[in-house]
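**Student:** Got a structure for you, written out below as structure tokens; questions coming shortly.
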Amino acid sequence: MKMHRGKHFQYAPQFSFVALFFLLVPIFASPAKGQFPPAPGTGPGLPETVEAIENARVTTRILYITAHPDDESAAVLTYLARGLHADVALLSLTRGEGGQNDLGPEQAPQLGLIRSQELLAATRGYGVKLFFTRAKDFGYSKTPEETEKVWGDEVLQDMVEVIRAFRPTIVINGWGGVHTGHGHHQATGLLTPKAVQLAADSSFRARGSSSAQEVTAPWGNRRPIVLLDIDRSEKPIARKASPGF
């Protein structure tokens with residue numbers, strides 16, 4: 001395990017989604033306690049037993065962050081939500097209004113509305129919740145710096161608010177480790193760990209939040225969020241984000 005100067009991350013060995021399964025299994029499993037069996041006729045019946053098992057489950061919350069509608073992995077989201085029964089949400093930073101439309105005349109805001117509705121329908125099939133930020137899809141961007149300049153601070157603020165509201169135990173960085181190609185993708189990969197850290201910072205509040213009631217409580221400050229970088233050029237990296245930035 002390596003600690004890098006200037007960063008508050010604990011790096012774990014590289015692994016794939018197979019490792020994600022083994023990471024989640026202990027979370028879902030409940031520890032067995034040794035005890036004497038009840039006397040015949042005095043133990044709980046089958047309905048009570050099933051109810052007790054369901055009540056004892058520890059729900060894992062997973063937030064998958066990506067840049068555009070259709071960037072997400074449908075197979076991964078469906079497996080996590082319907083296979084492992086985790087509480088899963090997808091955060092798409094943009095609504096995809098800057099994309100191409102080969103099926104109709106709709107462009108810009110109208111296209112963004114269509115893609116938002118398509119993604120909403122898809123996430124219902126996956127079994128996950130859906131969030132967006134105020135990030136503008138302004139077409140192809142060459143660099144993450146250009147993207148962040150256009151997006152401004154409000155996108156990072158929105159990401160922090162989603163993390164604090166949803167309270168995930170695991171965050172999947174859909175574009176983590178990507179340093180080439182679309183600037184939106186690169187910027188998303190860079191902003192995600194920043195958002196995770198700021199979500200745990202009690203001193204951080206979004207601009208325009210003047211009262212305590214408008215500020216959501218920090219998340220990740222007591223128990224670090226597990227941050228998974230889904231690096232599409234190399235093997236994924238798992239790391240824990242701790243408070244501080």
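The values are calculated or read from the model by the stated rules, or taken from the named source; none is laboratory data. Just so you know, these numbers come straight off a predicted model, no measurement behind them. As a convention, Cβ positions derive from the backbone with ideal geometry for all residues, glycine included, and neighbour counts pool all protein chains shown.
**Student:** Keeping to the stretch 194-242, report how many residues are at pLDDT below 95, part of a loop (DSSP other than H, G, I, E, B) and among the aliphatic types (A, V, I, L, M).
**Tutor:** Qualifying residue count, the stretch 194-242: 4.
**Student:** While we're looking at this one, here's another question. Which condition does ASP137 not pass, out of (1) over 16 Å from the mean Cα position of the chain (by Cα); (2) within 26 Å of ARG205 (Cβ to Cβ); (3) surrounded by 20 or more Cβ atoms within 10 Å (Cβ to Cβ), if it passes all the others?
**Tutor:** The number of the failed condition is (2).
**Student:** Read through the list (1) crowded, with 20+ Cβ neighbours inside 10 Å; (2) on the phi > 0 side of the Ramachandran plot, then give the number of the only condition that ARG167 fails.
**Tutor:** The number of the failed condition is (1).
**Student:** Right, next: Within the stretch 128-166, take every residue that is of a type in the set (S, T, N, Q) and at pLDDT 95 or above and give me the one that is farthest from ASP87 (Cα to Cα).
**Tutor:** Step one: list which residues in the stretch 128-166 are of a type in the set (S, T, N, Q), which gives 133, 141, 143, 147, 157.
Now restrict to residues that are at pLDDT 95 or above: 133, 143, 147, 157.
Details: THR133: 20, THR143: 33, THR147: 30, GLN157: 23 Å.
The extreme case among them is THR143.
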